[in-house]
1. Could you look through region 184-203, keep only residues that are touching a Pro at 6+ places or on another chain (Cβ under 8 Å) and surrounded by 20 or more Cβ atoms within 10 Å (Cβ to Cβ), and pick out the one that is modelled with the lowest pLDDT?
2. Which condition breaks for Asn224 when tested against (1) crowded, with 21+ Cβ neighbours inside 10 Å; (2) out of contact with any Pro (no Cβ under 9 Å at 6 or more places or on another chain); (3) outside the structural domain of Gly276 (by TED's automatic domain parsing)?
3. For region 62-75, enumerate the residues that are more than 22 Å from the chain's Cα centre (by Cα) and either surrounded by 15 or more Cβ atoms within 10 Å (Cβ to Cβ) or not assigned by TED's automatic domain parsing to the domain that holds Phe106 (or both).
4. With under 30 Å from Asp165 (Cβ atoms) and touching a residue at least 40 places away in the same chain (Cβ under 8 Å) as the only criterion, which of Val103, Val144 stands out?
5. Could you please give the count of residues in region 32-50 that are among the charged types (D, E, K, R) and buried (at least 16 other Cβ atoms within 10 Å of the Cβ)?
6. For region 253-270: of the residues being outside any strand (DSSP E or B) and among the small types (Gly, Ala, Ser), which is surrounded by the fewest Cβ atoms within 10 Å (Cβ to Cβ)?
7. Please indicate, with yes or no, whether at least one residue in region 114-136 is among the basic types (Lys, Arg) and not assigned by TED's automatic domain parsing to the domain that holds Ser42.
8. Can you tell me which residue among Asn2, Asn35 is of a type outside the set (D, E, K, R) and touching a residue at least 24 places away in the same chain (Cβ under 8 Å)?
Amino acid sequence: MNLLVTNTRNAQAYAIIRALRPYAQKIVATMEGNNRFAARLSHAANSRLVDKRYYTPSPAEDWRAGRIQRENTEREEAYIQAVLKICEQEKIDTIFPSFDPHVYVFSKNKERFDSMGILIPVPDYEVVITPLDKYRTIRAAQEVGFPCPKTYLPESNDDLRRVADEVGFPLVIKPRFSAGGRGTDVAKDLPELLEKTQLTRKNQGTPMIQEYIAAKREERANFNLVIDKNGELKAAFSVSVRRGSLRLFSATATVAESCDPHPYVAHATRLLRNLGWWGGATVQSRIDSRDGMPKLMEINPRLGIGLWQRTELGINEPWMCLKIAKGEEVEVVKNYPVGVLLIQPVEDLVGLAFKLLDLLIYKFRIGFLAKTPIAPVNPPMTVNELIQSYKQTYLSGKKKVFNPYFKYFFQDPLVSIIWWFQFFTLVLRGAKQLGK
């Protein structure tokens, strides 16, 4: 197999490279950025496991702006042409994208690559477009009875006022097309709702407005699933999040524990099956503190940032997805180690710094300025609670598995250093959440 791995700025790309290296004769990585220097900071492309690297233009700008269409835009066509050229030069027979805009653009162009004998493990455009569109996702979930937050697609300020009157504040402003929570914001009153919605509409198209689902601390239920082309579930993996990098939104789990599949796995599987999905996907939900039910946040129609948790426990989801794409039989993953702590030590240390800062600002805003917290059921941990939480992680007798950036640091030091810098900047973007 001559493999091309795209979106090498994303953590899942590095996990894919490590998982598929034993099966690949050659691995080629593409890098994107505003310039070649920025592109060279795509951490996974710097791995010693990569044989060759190429700079390509990015196909993501039109997707992020909400310009969604069946035909390629000029930027997307430039990207596809660049990839086709690389495939010819390197005799690529397999491409593995794992970032929403890449999955989107490759789904639109599968026939062009199929004609060259190049395998791409993503479904067709008509299947991909629903989970990529967060509003369509909610509608699809409602059809099969999967619990969802109240969701609206207001076209005017009058619509926004009606939503605010019906649901109340806080309200979540969420772009229909985004990855990793990018662009998601919260409004605590009508002026803020009108202002932030207008800004999002200008930059990313008309956003959804959702009720805020208050969850106690890290209570989330994410369903990591692999489904074959017949709709049969081949793997279901669940973790219990012990700590995240941020408290309110888009928190990366810095400590999780493998657990038995969540009881709602069947519901999540039915949702993906109803979409006609095959391959790997993650159905993300938050546990609503009001009724204890998992409420759908979004579907990641790809292998996500937590992929390393499965690969390090021996579940090679990238290889499973390739076999499914070829129409080959894949064995069901019947069990996996449970009760294992899955730890990102450096990221967890960064998270500690932000948690202490969050607590300090929270006490000042809520206690001194008498501000109303966004989620009263989800206050910051106290210093004593943080101490106990970290002791339970690092001093417990449970089996521990560390993420690849820590575990393989001496094999791939440049990859780890670039990733940690990138992670810090990602978390820093969420600083506006601190203390709220």
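1. Thr184
2. Of everything listed in (1) crowded, with 21+ Cβ neighbours inside 10 Å; (2) out of contact with any Pro (no Cβ under 9 Å at 6 or more places or on another chain); (3) outside the structural domain of Gly276 (by TED's automatic domain parsing), Asn224 misses just condition (3).
3. Of everything in region 62-75, those that are more than 22 Å from the chain's Cα centre (by Cα) and either surrounded by 15 or more Cβ atoms within 10 Å (Cβ to Cβ) or not assigned by TED's automatic domain parsing to the domain that holds Phe106 (or both) turn out to be Asn72, Thr73, Arg75.
4. From the options Val103, Val144, the qualifying one is Val144.
5. Matching residues across region 32-50 total 1.
6. It comes out as Ala266.
7. yes
8. The unique qualifying residue is Asn2.
The values are calculated or read from the model by the stated rules, or taken from the named source; none is laboratory data. Quick caveat, the model's predicted, so the values are computed rather than measured. Quick reminder, even Gly has a Cβ in these numbers, built from the backbone with ideal geometry, and neighbours come from all protein chains shown.
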